[in-house]
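Below: one structure, written as structure tokens.
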Amino acid sequence: MAAQAESWSWFTALAVGVSLFKCLFINAYHSTDFEVHRNWLAITNSLPLSRWYHENSSEWTLDYPPLFAWLERGLAQAARHWDGDMLRLDNLNYASPATVLFQRLSVVCTDLLFIYAARECCRCIRVQKAPQVILCRPSFVLAVLLLWNFGLLIVDHIHFQYNGFLFGFLLLSVARHLQSRHLQGALLFAVLLNLKHIFLYVAPAYGIFLLRSYCFTLDRPDGSIRWSSFAPLRLLALGGIVISVFALSFGPFVAMGQLSQVVSRLFPFRRGLCHAYWAPNAWALYSGADKALAVLGVRLKLLQEAELPRAAMTGGLVQEIQHAVLPSVPPAATLLCTVLAILPALVSIWRHRRGNRAFLRCLLLCALASFLFGWHVHEKAILLAVLPLSILAVESREDAGIFLVLSTTGHYSLFPLLFTPAEMIIKVCLMLMFTIYSFTALGNLHRSQGSLLRPMEVAYLLGLATVAIACEFIFPLSPWRQKLPFLPLLATSVYCAVGVSYSFLRLYATLLRIDDKRKQL
Amino acid sequence: MKLFLSLVSKTKPPFLSLRVMQTWSLVSISVLLAVLVRWGVSLNSYSGAGKPPMFGDYEAQRHWQEVTYNLPVQQWYFNTSDNDLNYWGLDYPPLTAYHSWLCAYVANILNPDWVELHRSRGYESPAHKLFMRTTVLVTDVLIYIPAVVLYCLYLTDGSAKRRVSILLSMLLYPGLILIDYGHFQYNGVSLGFALWGVLALGLGWNSLGSLAFSLALNYKQMELYHALPFFCYLLGKCIKAGLIGRGFVLLVKITATVLVTFGLCWLPFLPDPSQVLQVVRRIFPVARGLFEDKVANTWCSLNALIKIRSILTSDSQLYLSLAFTLLAALPSSIRLLMKPTFWNFKLALVNSSLAFFLFSYQVHEKSILLAALPVCLLLNEFPLMCVWFLQASTFSMLPLFLKDGLLVPYTVTFLGFPFLTVYLLSALEDCSEDELKLGTSGKLFPWIPKIYLACIMKWKFYISMALMAVLSVLSVVMDPPPHLPDLFPVLVSTTAFMHFLGVFLHFSIVQFMEPPRKKSRKKNN
């Protein structure tokens, strides 16, 4: 027991280290999300429940599910003793040093849940034999990849959001499923959905997996489903948990007849296909192709420049876009594409009982598919795939290769989030630090099985470095800066989109390949 | 040269065998982390931010840029209508002035308002702050950090992991980071040059070492704290090689290097003796008194009991401090002269710089950084003592940090550094072995069994950490009673003084003990 306790001291060191490291950026740049959360503190503290989702005196209305609003209310109780002025509704854009300190520390403190979840994930690692050297242990590598994740650090602690807390729920729920404690996992995920609804993206994986692997207890010899083994009590337990969490969260609003108002706040479909900066997804490729075709068409005199819709897409901050050549994409089409993209994965885990790892793989595919084809995707959503993939990356060589491609491209696509010159050094150094670590640590972990990356992937990543240098350093000095100010964003999105799509396809291949092997057996 | 080759051949095998790739990545991660922490601290306030009319060290550095860029060299150190020496007049040696000129040259390209004569006085803007912070980072990345990396890789014993741990601990020493990136100074330059000197001497490149140290001296006169050990070590080496034969050649080479370096640095001032005199007068301001503010040295701590400054004339204060300084610094230097080993050299650097800090004239609280650098070099051999000292040195500058509005970075680094180093260097587990190296413990306190001694050390460490933490919290939270307005600064400086005195005594005892046998064989080769 003593040995067990001692062997985790490195985890404490990593966790304390990263928590203090986060505190260093208290005075760094913060985005408008800081004001968003301050405003929510004010709303939940000073208004009755019935007004929460109606209040619109600030443009940053409450658009997270009710449990998150309750979290803000809890934080507001502490904020009252800190600097009560931040809780005034009319005190827009208030950012006194005490407010900054409070909000930053609240992110660092709520991250404790993430730290706990990371620890639980590290315990789920399957290893043949743990190496003596701590640095080479898979659990150590996983802890670093999760706790020191570049994306999470800059999005939460510089840009300002509470993703660490939310991903804590997700990872804890995944860890519970890997430990086969499915009811707890389901409860955590239900709570998570009521904290932030973006996690609906991965809900299909949860639904199918729990139904198939938890509610049916037995299989036929070939691994397919045995219908007679259906366990209604288990389904009832699951349903009870999920429904009661939702009832707790949405019940009061249903009772007040505000459900439609809440839902309209949560799903604002008036926003455009792409977010302010393009997330590197399929629509970035689509829009990039459209742009290229338009330019080509004008060059070849097939199109009249005056007839083209104004190139709003490159304007950065737009809500609606019009494609010039290719047909415009309605929301329904994105939904259809997403469903089509995740369907094979869901079918695969339904048809044969698969281990808990396959569930994690399916979850990742859901996350990536909705990232690639979803409507109005934020570039931050890539973390939904990068973080859980870390768990697989320390266990198998092939996943490690996918992780390296995905995390590098995904993290690089977060660069435009921090555009102030003072934060330039931070993002570059932090990215380098994380990337160097993930390459050497994962390479070291799987060194007996050869190199992690294929030559083509190496070439792609070197190209990414070139694009990065060109966009961040050369472009600002070049004469195109005035004429085409958004060219670097476009180039970054399109180039990164290739990498993300590639990772998606390779991850799909790993899931389906395990299927094939099973058939041959 | 032969010495260097033998050293390299000795250091290379363990360095290569432990998977170079891994070490390379760990080193680069440590360096990147160090840069990130530095930059994180630099996002905070600086000394004298928004405090006219005098502002602080940040404005001093900016003002030097303004002066050096706009005035001819001959006027830099003189009071003229364009150069008011009472407003942050240049009082550092010429290399600092050249550095200011270089920064000003870049500043003028970026935005001429930053260095415009007279009109730029007190200039502050976010862009200018970014520029100033960047200049500090650039010098650090070019001078200080490479020296630390090379020192840890080539002159530290132990496994690759151990070396990287030492490297990270040394790079993350909070005192230097908070002063350079928070308060705003360029200590990384002078300390970096001094460290390059140590590094070169450790590798056997005597001329290069004296060149680097001369540069350090010409950047900041406070480097004189280290001068005695450098001098004694090199002289001792020459004597050992035989003053009639090879030693003489070595002596001539070293002397020539030092003279040429100094000559080049002072070249613009040499033609006119009055210029040289004026620079020297500016560099050594004797008229400023025995001490200013609250500094954790002997005189200021004694001041609580005896008001020395009102009893003695300023001349006798000067002689008193000179006598005590020499008395404290000479033994270790003479010992070094007799036995010029690298091990003795490092210890003498600690002892000499601490002696100067504790007893010399007109000491600033920031001068403790000069003692902190050589203490960092001993992190591998005495982890507990060094971490303890480094923590106390950061703590001793607390009143300064509070004045500059650096509470948040101070708290973070003050908590993080002991935690990290105690974990990385397993300082608390080694403290019994630490005592073995001290060796005298048995002789001084024969009635205490060794195991108890380790335990006592550990508890003393915990209690002192707790005391420092409590005093930090009190300084921040409590208002001092009206009749004792300086209560907390005095408490802080006295506490820190006790630590410094203890460390000084400890390392003096260590130096006069026979070095551990393993060490002596290695370093004497």
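The values are calculated or read from the model by the stated rules, or taken from the named source; none is laboratory data. Since the model is a prediction, treat every value here as computed from it, not as a measurement. Every residue, glycine among them, receives a Cβ derived from its backbone with ideal geometry; neighbour counts consider all protein chains shown. SASA here: full protein model, heavy atoms, side chains in, ligands and nucleic acids out. Shrake-Rupley method; radii C 1.70, N 1.55, O 1.52, S 1.80 Å.
Listed by first and then second residue, the pairs with beta-carbon distance under 7 Å, at least 6 apart or on different chains, first residue in segment B:21-34 and more than 8 Å from chain A (Cβ to nearest Cβ), second outside any helix (DSSP H, G or I) and surrounded by 19 or more Cβ atoms within 10 Å (Cβ to Cβ), are B:34/B:172. Considering the conditions (1) assigned to a loop (DSSP other than H, G, I, E, B); (2) touching a residue at least 12 places away in the same chain (Cβ under 8 Å), residue B:299 is excluded by exactly one of them, (1).
Pick from B:488, B:389, B:497: which is aromatic (Phe, Trp, Tyr), within 25 Å of residue B:167 (Cβ to Cβ) and modelled with pLDDT of 85 or more? Steps first, answer last, please.
On the way: B:488 fails: within 25 Å of residue B:167 (Cβ to Cβ); B:497 fails: within 25 Å of residue B:167 (Cβ to Cβ).
None of the others qualify; the one that does is B:389.
When residue B:115 is tested against the conditions (1) of a type in the set (Val, Ile, Thr); (2) in contact (Cβ under 8 Å) with a residue 24 or more places away in the chain; (3) surrounded by fewer than 22 Cβ atoms within 10 Å (Cβ to Cβ), the lone failure is (3). Any chance you could count how many residues in segment A:458-505 are charged (D, E, K, R) and either outside any helix (DSSP H, G or I) or open to solvent by less than 50 Å² (accessible area, probe 1.4 Å) (or both)? Count: 1.
Each row is one residue, and each column tells you yes or no for (1) surrounded by fewer than 19 Cβ atoms within 10 Å (Cβ to Cβ); (2) modelled with pLDDT of 95 or more; (3) within 30 Å of residue A:265 (Cα to Cα).
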{"site": "A:182", "(1), (2), (3)": "no, no, no"}
{"site": "A:188", "(1), (2), (3)": "no, yes, yes"}
{"site": "A:192", "(1), (2), (3)": "no, yes, yes"}
{"site": "A:199", "(1), (2), (3)": "no, no, yes"}
{"site": "A:214", "(1), (2), (3)": "no, no, no"}
{"site": "A:222", "(1), (2), (3)": "yes, no, no"}
{"site": "A:226", "(1), (2), (3)": "yes, no, no"}
{"site": "A:234", "(1), (2), (3)": "yes, no, no"}
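Please verify whether residue B:160 is small (Gly, Ala, Ser) and open to solvent by less than 40 Å² (accessible area, probe 1.4 Å), treating the condition exactly as stated.
Judged against the criteria, residue B:160 is a match.
Return a yes/no flag: does segment A:3-17 have any residue that is outside any helix (DSSP H, G or I), open to solvent by 10 Å² or more (accessible area, probe 1.4 Å) and either within 14 Å of another protein chain (Cβ to nearest Cβ) or at pLDDT below 90 (or both).
For segment A:3-17, residues outside any helix (DSSP H, G or I), open to solvent by 10 Å² or more (accessible area, probe 1.4 Å) and either within 14 Å of another protein chain (Cβ to nearest Cβ) or at pLDDT below 90 (or both): present.
Scanning segment A:411-441 for residues that are among the small types (Gly, Ala, Ser) and open to solvent by less than 20 Å² (accessible area, probe 1.4 Å) yields A:413, A:438, A:441.
Considering the conditions (1) surrounded by 20 or more Cβ atoms within 10 Å (Cβ to Cβ); (2) within 22 Å of residue B:494 (Cα to Cα); (3) among the hydroxyl-bearing types (Ser, Thr, Tyr), residue B:332 is excluded by exactly one of them, (2).
For segment A:21-29, does any single residue satisfy the condition of being β-branched (Val, Ile, Thr), more than 23 Å from residue A:249 (Cβ to Cβ) and within 14 Å of chain B (Cβ to nearest Cβ)? Please lay out each step first, then the result.
Taking segment A:21-29 first, the residues β-branched (Val, Ile, Thr) are A:26.
Retained after the next criterion (residues that are more than 23 Å from residue A:249 (Cβ to Cβ)): A:26.
From what is left, the residues that are within 14 Å of chain B (Cβ to nearest Cβ) are A:26.
Yes; the residues of segment A:21-29 include at least one that is β-branched (Val, Ile, Thr), more than 23 Å from residue A:249 (Cβ to Cβ) and within 14 Å of chain B (Cβ to nearest Cβ).
Looking only at residues that are within 14 Å of another protein chain (Cβ to nearest Cβ) and open to solvent by 20 Å² or more (accessible area, probe 1.4 Å) in segment A:137-174, which one is modelled with the highest pLDDT?
Keep residues of segment A:137-174 that are within 14 Å of another protein chain (Cβ to nearest Cβ), which gives A:137, A:140-141, A:144-145, A:147-148, A:150, A:153-154, A:157-158.
With open to solvent by 20 Å² or more (accessible area, probe 1.4 Å) added as a condition, the list becomes A:137, A:140, A:148.
Details: A:137: 85, A:140: 91, A:148: 95.
Selected residue: A:148.
Condition check ((1) open to solvent by less than 10 Å² (accessible area, probe 1.4 Å); (2) at pLDDT below 85) across all residues:
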position	(1), (2)
A:339	no, no
A:355	no, yes
A:371	yes, no
A:376	no, yes
A:384	yes, no
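From the list A:415, A:439, the one residue that fits, being away from chain B (no Cβ under 14 Å), closer than 23 Å to residue A:154 by Cβ and among the aromatic types (Phe, Trp, Tyr), is A:415.
Being within 14 Å of another protein chain (Cβ to nearest Cβ) and aliphatic (A, V, I, L, M): is that true of residue B:191 here? I'd like the intermediate steps shown before the answer.
Details: within 14 Å of another protein chain (Cβ to nearest Cβ): no; aliphatic (A, V, I, L, M): yes.
No: the conditions fail for residue B:191.
Just checking, which of B:345, B:324, B:357 is modelled with pLDDT of 90 or more, assigned to a helix (DSSP H, G or I) and open to solvent by 10 Å² or more (accessible area, probe 1.4 Å)? Criteria check complete, one pass: B:324.
No other residue among A:442, A:452, A:392 is in a loop (DSSP other than H, G, I, E, B), aliphatic (A, V, I, L, M) and more than 18 Å from residue A:496 (Cβ to Cβ) apart from A:452.
Taking segment A:53-70, which residues are within 20 Å of the chain's Cα centre (by Cα) and outside any loop (DSSP other than H, G, I, E, B)? Break it down into steps so the answer makes sense when it comes.
Just the residues of segment A:53-70 that are within 20 Å of the chain's Cα centre (by Cα), to begin with: A:63-65, A:67-68.
Scanning segment A:53-70 gives A:67, A:68.
Scanning segment A:442-457 for residues that are more than 14 Å from chain B (Cβ to nearest Cβ) and open to solvent by 80 Å² or more (accessible area, probe 1.4 Å) gives A:449, A:454, A:455, A:456. Pairs under 9 Å by beta carbon, first residue without any contact (Cβ under 8 Å) to a residue 40 or more places away in the chain and more than 22 Å from residue B:50 (Cβ to Cβ) in segment B:392-410, partner assigned to a helix (DSSP H, G or I) and open to solvent by 50 Å² or more (accessible area, probe 1.4 Å), six or more apart or different chains? Going by the 9 Å Cβ cut-off, there are no qualifying pairs.
So which residues in segment A:24-52 are free of Cβ contacts under 8 Å to residues at least 40 places away in the same chain and either basic (Lys, Arg) or not in a helix (DSSP H, G or I) (or both), if there are any at all? Working first, answer last.
First pass over segment A:24-52, keeping only residues free of Cβ contacts under 8 Å to residues at least 40 places away in the same chain: A:24, A:32, A:36, A:40, A:44, A:48, A:51-52.
Listed by number, the residues that qualify are A:24, A:32, A:48, A:51, A:52.
Return a yes/no flag: does segment A:319-331 have any residue that is in a helix (DSSP H, G or I) and modelled with pLDDT under 85. Scanning segment A:319-331 turns up at least one residue that is in a helix (DSSP H, G or I) and modelled with pLDDT under 85. Considering segment B:36-59, and only residues there that are open to solvent by 10 Å² or more (accessible area, probe 1.4 Å) and under 22 Å from residue B:142 (Cβ atoms), the residue that is farthest from the other protein chains (Cβ to nearest Cβ) turns out to be B:57.
Would you confirm whether or not segment A:389-399 contains a residue that is within 14 Å of chain B (Cβ to nearest Cβ) and open to solvent by less than 10 Å² (accessible area, probe 1.4 Å)? Can you show your working first?
Residues of segment A:389-399 that are within 14 Å of chain B (Cβ to nearest Cβ), as a first pass: none.
Within segment A:389-399, none of the residues are within 14 Å of chain B (Cβ to nearest Cβ) and open to solvent by less than 10 Å² (accessible area, probe 1.4 Å).
Quick check: anything in segment A:400-407 open to solvent by less than 20 Å² (accessible area, probe 1.4 Å), assigned to a helix (DSSP H, G or I) and over 21 Å from residue A:279 (Cα atoms)? Yes, some residue in segment A:400-407 is open to solvent by less than 20 Å² (accessible area, probe 1.4 Å), assigned to a helix (DSSP H, G or I) and over 21 Å from residue A:279 (Cα atoms).
Only a single item in (1) surrounded by fewer than 23 Cβ atoms within 10 Å (Cβ to Cβ); (2) of a type in the set (S, T, N, Q); (3) over 28 Å from residue B:424 (Cβ atoms) is not met by residue B:210, and it is number (1).
Summed over segment A:422-436, the residues that are more than 8 Å from chain B (Cβ to nearest Cβ) and of a type in the set (Val, Ile, Thr) give a count of 2. Within segment B:254-275, the set of residues being open to solvent by less than 50 Å² (accessible area, probe 1.4 Å) and within 21 Å of residue B:75 (Cβ to Cβ) comprises B:265, B:266, B:268, B:269, B:275.
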